[in-house]
Amino acid sequence: MRVVSVDSSQLVMLIVAMAAGGWLGAGIVSRLQRRTIQLGMAAALLLAGFFMTMGLLRLFPAGGEALSLTTPRLLIALAVNFVLGALGTLGIGNYGPCLVLFSLLGMEPRAAFPIMMGSAAFTGMAAAMRFVSTGRYSAPAAIGLTVGGIPAVVIAVWLVKSLPLDVVRWGVIVVVLYTATTLLRSAAEERRANPPAEPEVAAV
């Protein structure tokens, strides 16, 4: 948050929106069909990645240089952040979608990092409280992700400061395509593991 300057009031609002989505999503969104959400998120990411690629090829406007959002765009970002917080309780990461969202809204891609990292931290805490209270989590996995994430953040800060802007934008597209591919693969595996039941034929 100190390396990349963004509007502090908007940063707080976006974090609160995603954390609220995570809190509600832990109890509501987790009841929805996982495969349906995976397919929808994959389609949305592929579409956004297509538009970002068009922008980098100068065929469509790419992300701008802004470090803050206008009021209409802020309202869009708050709504999407809330949804991403809810979807995050199903294991859908917010990094790729956030990078796409703020780039399409005209922000400098690097400005998305403090927003998405702050949002993810508080969303994880809010959602975790509900999962821990029900015992529906894996303690070894949680500890491993926490320990591994600490040095990863240090590396990410160095990369964000040193990489040229176009390199960051192409990196966003790679993350988007990887995330979409992962979601599609997970949806296909889930379908194979749980094939739809065939309708019963009434005996004559």
* Structure fact -> Burial-style ranking of 34-41, 140-147, 103-110, average other-beta-carbon count within 10 Å with highest first, yields 103-110, 34-41, 140-147
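What FRET efficiency would be calculated for the residue pair Arg185, Ser138, taking the C-beta separation as r and a Förster radius of 22 Å, to the nearest 0.05?
Rounded to the nearest 0.05, the efficiency is 0.55.
Computed FRET efficiency, Cβ-Cβ of Leu57 and Asp7, R0 41 Å: what is it to the nearest 0.05?
Details: r = 30 Å, r/R0 = 0.73.
In this case the efficiency is close to 0.85.
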* **Theoretical FRET efficiency, 1/(1+(r/R0)^6), r = Cβ-Cβ of Met129 and Thr36, R0 35 Å, to 0.05** => 0.85
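Using the Cα centre of the chain as the reference point, and only Cβ charges (+1 on K/R, -1 on D/E), how large is the resulting charge dipole? Debye, rounded to the nearest 20.
160
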* Asked: Counting only residues 5 or more places away or on other chains, whose amide H sits under 5 Å from the amide H of Met107 once H atoms are built in the peptide plane?
  -> Gly64
* Structure fact -> Calculated from DSSP helices alone, with each H run of at least 4 adding -39500 (n - 2.57) and the total divided by the residues of the chain, [θ]222 nm to the nearest 500 comes to -24500 deg cm²/dmol
* Asked: For the chain, what Kirkwood radius comes out of the mean inverse Cα-Cα distance, in Å?
  -> 18.2
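Only the coordinates and a few stated rules stand behind these numbers; no lab work does. What you see is a predicted model; the values in this text were computed from it and never measured. Backbone-built Cβ (ideal geometry, glycine too); neighbour counts: all protein chains shown.
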